[in-house]
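The values are calculated or read from the model by the stated rules, or taken from the named source; none is laboratory data. Predicted, not measured: the structure shown is a model, and the values here were computed from it. Reconstructed Cβ throughout: ideal geometry from the backbone, glycine too, with neighbour counts over all protein chains shown.
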Amino acid sequence: KWSQNGVTLAGGHGHGGATNQLNSPIGLFVDDDQTVVIADCWNHRIMQWKNGDTTNGRVVAGGTGAGNGLNQLNWPTDVLIGKETDSLIICDYGNRRVVRWSRRLSMDEQRYLYVSGYVKHEVRRYQLGEKNGTLVAGGNEPGDEINQLSYPTYLFVDRQQNVYVSDTRNHRVMRWTQGDKKQGTVIVSGNEEGEEANQFWNPIGLSFDRHGNLYVVDCYNYRVQRFSIK
């Protein structure tokens, strides 16, 4: 179970391009040392916040304006850290490319690929090469019941194949237990949209650290929230 009040780790100072601000952040990744890297989409950059530093982040990729140069990004939407090469792997959406920079998909340890169907309000699991996939969450028209999703975006799949979903238009994070596609559980928020510590306004990216704490990109509040596991 997670605390229902989040702590702002990054941003929270309105939208802008300063190092203590974000502008429509989307995806994020949490490293083993609890360093958070964020796809700061409308600033065309990747920001990094070290554990314990909630004041200012550091630009680690892009940040030189939108463009297609090797030192530029154009609407980056997601980022992860490649541990083998200690590099950032970035979905550079506006340039239609994936780039690796020196320092809405998820794959589990069994090599199943999970895809959020944004306009179908569902999540499906695919074996590599499979066309139709298996429904694992939602698929019951858009809505806010516990068997429904409304424009789901980002996913996280744990080792037990539990699926965590940013249920964006419902302003909540849900969990679907492996094997139970009938209904999920609201684990954070589910309140109306807002800017309080227990509210979201269009949550998108989500991730966990090695302690089980949950990190959520709260897009239109221009912040990243951490929810501590109890």
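Worth pointing out:
- Residues in region 176-214 that are among the acidic types (D, E) and surrounded by 15 or more Cβ atoms within 10 Å (Cβ to Cβ): E193, D209.
- Residue satisfying all of: in region 20-62; assigned to a strand (DSSP E or B) and of a type in the set (D, E, K, R); modelled with the lowest pLDDT among these: R58
- Inspection of region 171-179 finds a residue satisfying the criterion of being closer than 27 Å to T35 by Cβ and of a type in the set (D, E, K, R).
- Verdict on V173 being under 26 Å from N56 (Cα atoms) and surrounded by 22 or more Cβ atoms within 10 Å (Cβ to Cβ): no
- Single match in N68, N74, N95 (criterion: more than 23 Å from P203 (Cβ to Cβ), of a type outside the set (S, T, Y), at pLDDT 85 or above and loosely packed, with under 13 Cβ neighbours inside 10 Å): N68
- Qualifying positions in region 160-194 - within 18 Å of the chain's Cα centre (by Cα), more than 20 Å from K120 (Cβ to Cβ) and assigned to a loop (DSSP other than H, G, I, E, B): Q161, N162, G190, E193
- Selection within region 42-65 - surrounded by 13 or more Cβ atoms within 10 Å (Cβ to Cβ) and β-branched (V, I, T): I46, T54, V59, V60, T64
- Close pairs (6 angstrom Cβ cut-off, 6 or more residues apart or separate chains): closer than 26 Å to G82 by Cα in region 13-33, small (G, A, S) and assigned to a loop (DSSP other than H, G, I, E, B) anywhere: T19/G57
- Residues of region 114-148 satisfying the condition of being closer than 27 Å to G62 by Cβ and either at pLDDT below 85 or part of a loop (DSSP other than H, G, I, E, B) (or both): Y118
- Selection over region 20-68 of residues that are acidic (D, E) and within 15 Å of G94 (Cα to Cα) gives a count of 1.
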